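Here the structure comes first, spelled out in structure tokens, and everything after it is commentary.
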């Protein structure tokens, strides 16, 4: 399961600019303009099929502009989950709450309070878990030229699966350019998984290179279309706000609740038409909203999106 966390929300979900020059390496185009108002996204349905077996899960989305909250209710055959994201007057996430119908879910987050300093930076995260446990995580900031490095550390012993959370994210102009995930689950020995992100001149993520400790493990490339999923991007921009880089191992659906979309950085720029050897089919409605995604990896998967008028 941890493999899905490596691809951090991932989901910067930033709109494209008209900059013409490519920016290799750690360079990125000018900071994109982010549309953070409430979107018209109403519902997402994910369906997967493999060898005749079909599974489906739906996400119903409610945006409460009066109380500054977003509610996401998901339902599958095994469980129903309600997630509430609450924001301050600056539209910064300050509280995350989870309620589940099933009790047989292991140890997961049930509540997370996100504390900020006077400058609005996330500094401390107070967490509660389904077994009654609590933990405290901290964020550390370091500036090196044009790159801001943010390290999140929470070492509370939450269960045999989630004993250690530590990762570092490198940001340039609010773009993720690097990540390092630290894992001490193997006999107490800390290992690292590093990733480097490359963008084109229009702010599309086009390549991720990875390495395990000092050993390269592969490169993922992306071919982009000429359209962006505007309302979908707007929704994720609003959901994450200024902490799109933030993730939790102990709740992998905290932000990237659409795991496959998050893993493929589908929304970091225009829609993906090809990721590695996998082909994506994207359908848009008459007003330009992304209506459906279809692709075959290990199994056939579709995402369907509904919007308010």
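Read-outs throughout are calculated quantities, based only on the coordinates presented, and are distinct from any laboratory measurement. Computed from a predicted model, the values in this text were never measured in an experiment. FYI the Cβ positions are ideal-geometry reconstructions off the backbone, even for glycines, and counts take in every protein chain you see.
So, by mean Cβ neighbours within 10 angstrom, what's the order for 85-95, 116-126 with the highest one leading? Please list the in-between numbers first.
Details: 85-95: 15.5, 116-126: 13.6.
Packing proxy ranking, top to bottom: 85-95, 116-126.
Take the Cβ-Cβ distance between residue 38 and residue 298 as r, set R0 to 35 Å, and report the resulting FRET efficiency rounded to the nearest 0.05. Can you show the working numbers first?
On the way: r = 35 Å, r/R0 = 1.00.
Calculated value: 0.50.
Estimate the FRET efficiency between residue 155 and residue 285 by the formula 1/(1 + (r/R0)^6), using the beta-carbon distance for r and 41 Å for R0, to the nearest 0.05.
Working: r = 47 Å, r/R0 = 1.14.
After rounding, the FRET efficiency stands at 0.30.
Applying 1/(1 + (r/R0)^6) with R0 = 41 Å to the Cβ-Cβ distance of residue 273 and residue 117, what FRET efficiency is obtained, to the nearest 0.05?
Working: r = 42 Å, r/R0 = 1.01.
According to the calculation, E is roughly 0.50.
How do 293, 61, 153 line up, fewest other C-beta atoms within 10 Å first?
So the ranking, lowest neighbour count to highest, is 153, 61, 293.
Once the piece of chain linking residue 101 and residue 192 is laid out straight, how much longer is it, given 0.36 nm per residue of separation minus the C-alpha distance between them? Don't jump to the answer; show the numbers that get you there.
Details: separation 91, 0.36 × 91 = 32.76 nm, distance 3.55 nm.
Stretched fully, the residue 101-residue 192 segment lengthens by 29.2 nm.
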